[in-house]
Amino acid sequence: MRALSLAVLALVGMAAGCVTAAVPAATSGVRANLAADVPKVVLQFGHPFRVDAALWVPAEPGKASDDWNDWFVLTADASDGSLILWDPTWTLVYDHLRLPPLDRQANFTLDAVTAMTLAPGGRQVTISAIGSGTEGDNPTFARRFTFRLNLDTRVVTREAASVPLPGLDVDTLKPAALPVGPGGTRLERDGTGVKMLPVKGDPVLLKGVARGKYADAALSPDGTRLARVLWLYAGNTTQVEVWDLASGEALPTFIKKGRYDAIRWVNADTYVLLADTDPKTGVPPLPTLLVDAASAGNPKGIAAGTVPGRCMTTVIRFNDGQTMDYQLAATNPAACGGPAGEPDDMWMLDFDGKGGATWRRTELQGMQDRRITSITGTPDGRGVVISTRPLRPVKGGFAPQVVMIDLKSGKVTDSFDFGDADASVTQLFATADSAIQKSSLSSDGKYLFWHAPGGVLMVELATREVRGMDTGTDNPQVMVSDGKTLLVGGVGYRNLYRFDVATVQPVLPPILLTGTISADYLPDRQLFWAVSDDGALRMWDRRDGSKRLSLFTFPNNGFFASMPDGRYDTNLTPDTDWVRWMQADQPWVSLPASAFMRSHYDPGLVRKLFDCNAGGCGAALPPIPPAPGVTRLFPWVTITDVASGGPGVARVSLEFAENVDGATRSGAHDLRLFVDDRMVRRDPDPGSAPDVTDIEAWRRATALADAMPATLPADGEAPTVTRTIDVPIPTDGREVALSAYLFNRDRIKGETDRKGWKPPAATPRPRRLVVLAIGVDATQNRDWRLSYAAADAKAITGLFAGAPAQAKLMTVITSTDARDAATKAVIRAALLSLAGAAGDAERAALAAAGVDSAGLPALTPDDSLVISWSGHGDTIGGQFYLVPSDGAVDAAGRPRAASFISSAELTAWLRGVQAANVAIVIDACHSAASVAAQGFKPGPMGDPGLGQLAYDKGFRILAATQADNVAMEDGALGHGLLTWALTRDALVMVTAEDRLDAKEPKTVYGDLDRDGALDLDEWLRFAVQRLPTLAQEVKSGKLALKANSAARQIVNLGAAVAPVAARPIQKPSLFDFTQTMSEVRVR
């Protein structure tokens, strides 16, 4: 509890009596959702601490049932005020709710939920809870609070009146007994959840996804990377997880033996890991670690530098708009390994420019009788603020002194002695333990803040006025200000508090956030953020405090980010069990994770939020368009049986039907079957026909007519339809994972059904590696001529000729002045041949072009395929095109799109490819548009386009550059830049000094994990890392473009082409939706 009463804090102007009193119950509620048309995401997290109370809730009010499947369970946890509504049948979290804050005027916090009762009618719940706080001089005064929950509206309200409980010691409260449910079903506490024990049957655990428990977190200065510290093995090992928020990707995890407490970013690429040992413990701190966040692609993480540990180490960042640098400052008493008998001094870290660093002592005057208690940097990075306290009482107390020191000169530029302040201030520091332990400076440099007993002291530097803010509890872990507001929170806090600096008044209501471990304001953006001890990141608008974003993480580097309007971004699978949805007008319906994917899934959400400006988010985050009439009913499908259809074939039996609710029908469309999450069949089968885009045309083309009779039977139920479909599978004898799903009439995916099956033993097919390399130098338009595309194609096949595969089939199709084979018809024939869809006309076209069709067999799941394209590419009318050798212009000199190869045509030709591993490399201008054009979203959308096909079939596509940039070929290299990186740079041997460990095998640069093997996915990722550097060398002139260098972009009549120096750096894009490592070895 708090050390001093509010009466003392009020003497120094603290806002003890300025918080508004509890408002009437009718207006003190917390609503579960915003509006009926805004879906609410329901993450499947459980409680953070324990279940205090539980309640059985009938699924149908008024219906008596002894079957627990007809009931819900409501649980409560006082640690964060959370309420969870569970469906025990499916062990789903139906909804998350929160109890409103208690009366903060008396600084009450919730200690226990003691009872929950259900009113007649089954939809109104009364919740009784006990909270404690301070009233007058009583530091542990308890009260009983009453809440009301409407289960239909999901609104929770608090009664204005509370009942005093004098003499009650909240520490002696025992958990309430959990109620016995229908048919004698018992509940018992199990960790953070409850275990349901039916009289008959197995126990059912209602616990949800486990939450992490993080010690510290930090956001990089530009706001794009989040690092979090987690303790493992009883706290003796530290793990750092880093997220790139802009891309949604996890960076290498860093693991180090020892307990590191704090993490700070020094720039966007490097963070410092600190063991902030308290000097009073006498235990020297662990070494300070400088860590490269990307770790050069090494998944183990790399400590870029190590320096001896110090106490109270702080990071000082310097940025004058031109130069960015950083410095570390610390103190080094004997307990931190410093010289015995020496006074406290400040130590600065000097870097030698070669990766090394040494501590330099900066002697402070007058420290013989004082002890440093905190160090913080100034906003401009030019100085430090040091707080000290006397070793012996001065003027009857231990009032601290604060000095500001210029780092360049080492001189004191300003100081402030609390011993000279009013008596109401000095009495706060009557004992040595009351010294300042944390200080901070507002980002505008106008205010100094210190953690003091029971609150925060603030000094306005210009006037020396001292004022106080009542934070409601001690030991804030967070205390940061932008000069307008102050954020205060901590692990022991139930809320994150904001104070108006000008008035020292709290900004109400407080932010409901338990266990804040880190928070700050994002520079140059109207956002502030906080991370709670479960690792979740939240962002709010500085101007009005409205929430803008919540980001939660899950095991195996999963994440889910959402905004209040329901839009979201995630890397979880569309069928994840960790996410459900609810609509306010259907509170008793739990919708699957993919229910709002088409309308609300918004990849790159954090980056788009950062793109907002003072004028709003209209361009980056346009309003979600209304979708009147869109049905959230979904057809269902079940895999009923699997049998062998012969070697390499599984015969799958299915049942499916549309869903009907009164006059609303879901429809049943586009049945899709998958093997190991790779699409292998569709019903109806579109063959190699182009996809349709219009929704009505799609409904007609994909309708499963026998499941959708025009008139339903008298019982109103849709008929159940059966199908038996043969699907290709590998012949290696391992168990395969089969899955299937349908779309409803609005092209929204339904639930996925899954079934594992182990085929009978069979003679395995040879594992073939098929490579098709296409290079187009010469076209019908000589203005589009290239010099090195054909060389690229030969380099790709030459590279894979050395791959360790059972069987290799290499085909090169090029067009040069000497040979014209890469026409549209030949390329189409080659791709259809790989898909097993080539007829006599396609085989004749290949033969006429001198292409041996034996090198282009119909592929099976035992095969792997690499396709490379080097040549021109461009975007015309919103569609990406490749330019074959017979690509032409019209009479006006404009590109004739029909003579090119559109991404839609590529999609149709590749649809039947059944290889388990497919990589496509496109070394052409604007090539990312082949995947990312026309609003592509990586998910089961059922949309047309190459991106959708790559997602459904697990293709990896490497595009040479972004959709709005050009790809270069270089006369000095004799190749396109991307191909050079893939075929030459990737194979350069790593020298001894470049190896991370002497025990690592000799390997090549493309081997990112340094395991001695270059895998296909590593090969692609290496190009993403290497090409920007290679392109920069070209742009800067370090690698000069020579004769015959060119951009692989067609030039429209009269269009200007930017010079090399004016173009953006070429950055490739890798589209890999497999979330797996490739089995294919390049070397």
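Table: residues versus (1) out of contact with any Asp or Glu (no Cβ under 6 Å at 6 or more places or on another chain); (2) of a type in the set (Ser, Thr, Tyr); (3) in a strand (DSSP E or B); (4) within 30 Å of GLN586 (Cα to Cα).
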{"site": "GLY121", "(1), (2), (3), (4)": "yes, no, no, yes"}
{"site": "GLY133", "(1), (2), (3), (4)": "yes, no, yes, no"}
{"site": "LEU149", "(1), (2), (3), (4)": "yes, no, yes, yes"}
{"site": "ALA177", "(1), (2), (3), (4)": "yes, no, no, no"}
{"site": "GLY183", "(1), (2), (3), (4)": "no, no, no, yes"}
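Pick out the one residue from LEU799, LEU742 that is in contact with a Pro (Cβ under 6 Å, 6 or more places away or on another chain) and touching a residue at least 60 places away in the same chain (Cβ under 8 Å).
LEU742
Of these, ILE695, ILE774, ILE729, which one is more than 16 Å from TRP636 (Cα to Cα), out of contact with any Phe, Trp or Tyr (no Cβ under 7 Å at 6 or more places or on another chain), at pLDDT 95 or above and of a type outside the set (Lys, Arg)?
The match here is ILE729.
May I ask you to verify whether ASP997 is modelled with pLDDT of 80 or more, within 24 Å of ASP292 (Cα to Cα), among the charged types (D, E, K, R) and part of a loop (DSSP other than H, G, I, E, B)?
no
Only one of these conditions is not met by GLN105: (1) touching a Leu at 6+ places or on another chain (Cβ under 6 Å); (2) in the same structural domain as THR126 (by TED's automatic domain parsing); (3) at pLDDT below 50. Which number is it?
The one condition GLN105 does not meet is (1).
Checking the structure you have, find out if any residue of segment 763-782 is assigned to a loop (DSSP other than H, G, I, E, B), buried (at least 22 other Cβ atoms within 10 Å of the Cβ) and of a type in the set (Ser, Thr, Tyr).
yes
I'd like the full set of residues that are surrounded by 17 or more Cβ atoms within 10 Å (Cβ to Cβ), free of Cβ contacts under 8 Å to residues at least 60 places away in the same chain and outside any helix (DSSP H, G or I), limited to segment 833-853.
Of everything in segment 833-853, those that are surrounded by 17 or more Cβ atoms within 10 Å (Cβ to Cβ), free of Cβ contacts under 8 Å to residues at least 60 places away in the same chain and outside any helix (DSSP H, G or I) turn out to be ALA838, ALA849, VAL851.
Are any residues in segment 572-595 part of a loop (DSSP other than H, G, I, E, B) and touching a strand residue (DSSP E or B) at 6+ places or on another chain (Cβ under 6 Å), and if so, which ones?
LEU572, TRP578, ALA593, SER594, ALA595
Determine whether segment 497-505 contains at least one residue that is outside any loop (DSSP other than H, G, I, E, B) and either among the aliphatic types (A, V, I, L, M) or touching a helix residue (DSSP H, G or I) at 6+ places or on another chain (Cβ under 8 Å) (or both).
From segment 497-505, those outside any loop (DSSP other than H, G, I, E, B) are 497-500, 505; that's our starting set.
So of that shortlist, the ones also either among the aliphatic types (A, V, I, L, M) or touching a helix residue (DSSP H, G or I) at 6+ places or on another chain (Cβ under 8 Å) (or both) come out as none.
Among the residues of segment 497-505, not one is outside any loop (DSSP other than H, G, I, E, B) and either among the aliphatic types (A, V, I, L, M) or touching a helix residue (DSSP H, G or I) at 6+ places or on another chain (Cβ under 8 Å) (or both), which makes the answer no.
One residue is enough: does segment 553-561 have a residue meeting the conditions in contact with a helix residue (DSSP H, G or I) (Cβ under 7 Å, 6 or more places away or on another chain) and among the aliphatic types (A, V, I, L, M)?
Yes: one or more hits.
This table checks each residue for (1) part of a loop (DSSP other than H, G, I, E, B); (2) in the same structural domain as VAL73 (by TED's automatic domain parsing); (3) within 21 Å of ALA112 (Cβ to Cβ).
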{"residue": "ARG189", "(1), (2), (3)": "no, yes, yes"}
{"residue": "LYS195", "(1), (2), (3)": "no, yes, yes"}
{"residue": "GLY201", "(1), (2), (3)": "yes, yes, no"}
{"residue": "GLY212", "(1), (2), (3)": "yes, no, no"}
{"residue": "ALA215", "(1), (2), (3)": "no, no, no"}
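Of all residues in segment 72-92, how many are surrounded by 24 or more Cβ atoms within 10 Å (Cβ to Cβ), in contact (Cβ under 8 Å) with a residue 60 or more places away in the chain and hydrophobic (A, V, I, L, M, F, W, C)?
5
Considering each residue of segment 480-500, count those that are closer than 22 Å to PRO379 by Cα, surrounded by fewer than 23 Cβ atoms within 10 Å (Cβ to Cβ) and under 26 Å from the mean Cα position of the chain (by Cα), and give that number.
1
Restricting to segment 522-546, give me the number of residues that are within 19 Å of ALA246 (Cα to Cα) and either assigned to a loop (DSSP other than H, G, I, E, B) or at pLDDT 95 or above (or both).
Total meeting the criteria: 15.
Only one of (1) at pLDDT 95 or above; (2) exposed (fewer than 12 other Cβ atoms within 10 Å of the Cβ) is not met by ALA663, so which one is it?
(1)
Report yes if some residue within segment 543-552 is aromatic (Phe, Trp, Tyr) and within 15 Å of LEU496 (Cα to Cα); otherwise report no.
No: zero hits.
Suppose the filter is at pLDDT below 95 and touching a strand residue (DSSP E or B) at 6+ places or on another chain (Cβ under 9 Å); does ARG143 pass it?
Considered against the rule, which asks whether it is at pLDDT below 95 and touching a strand residue (DSSP E or B) at 6+ places or on another chain (Cβ under 9 Å), ARG143 comes out as yes.
Could you check how many residues of segment 616-646 are in contact with a Lys or Arg (Cβ under 8 Å, 6 or more places away or on another chain), surrounded by fewer than 16 Cβ atoms within 10 Å (Cβ to Cβ) and under 30 Å from ARG754 (Cα atoms)?
2
So how many residues does segment 954-983 have that are more than 19 Å from ALA924 (Cβ to Cβ) and at pLDDT 75 or above?
Summing the residues that are more than 19 Å from ALA924 (Cβ to Cβ) and at pLDDT 75 or above in segment 954-983 gives 1.
For segment 302-342, which residues satisfy the criterion of being out of contact with any helix residue (DSSP H, G or I) (no Cβ under 6 Å at 6 or more places or on another chain), assigned to a loop (DSSP other than H, G, I, E, B) and either loosely packed, with under 15 Cβ neighbours inside 10 Å or modelled with pLDDT under 70 (or both)?
The answer is ASP320, GLY321, GLN322, THR323, GLY337, GLY338, PRO339, GLY341, GLU342.
Determine the pairs where a residue that is of a type in the set (Asp, Glu), located within segment 142-167, has a partner that is modelled with pLDDT of 90 or more with Cβ atoms under 8 Å apart, the partner being 6 or more residues away or on another chain.
ASP152/ARG123; ASP152/PRO587; GLU159/PHE145; GLU159/THR146; GLU159/PHE147; GLU159/ARG148
For residues in segment 170-193 being aliphatic (A, V, I, L, M) and touching a residue at least 40 places away in the same chain (Cβ under 8 Å), which is nearest to THR134 (Cα to Cα)?
Here is the first cut: in segment 170-193, the residues aliphatic (A, V, I, L, M) are 170, 173, 176-178, 180, 187.
Then drop every residue that is not touching a residue at least 40 places away in the same chain (Cβ under 8 Å), which leaves 170, 173, 176, 178, 187.
Numbers: VAL170: 13, LEU173: 18, ALA176: 25, LEU178: 30, LEU187: 35 Å.
This residue is VAL170.
The values are calculated or read from the model by the stated rules, or taken from the named source; none is laboratory data. In this text, all values refer to a predicted model and were calculated from it rather than measured experimentally. Counting neighbours? That spans all protein chains shown, and the Cβs are built from the backbone with ideal geometry, glycine included.
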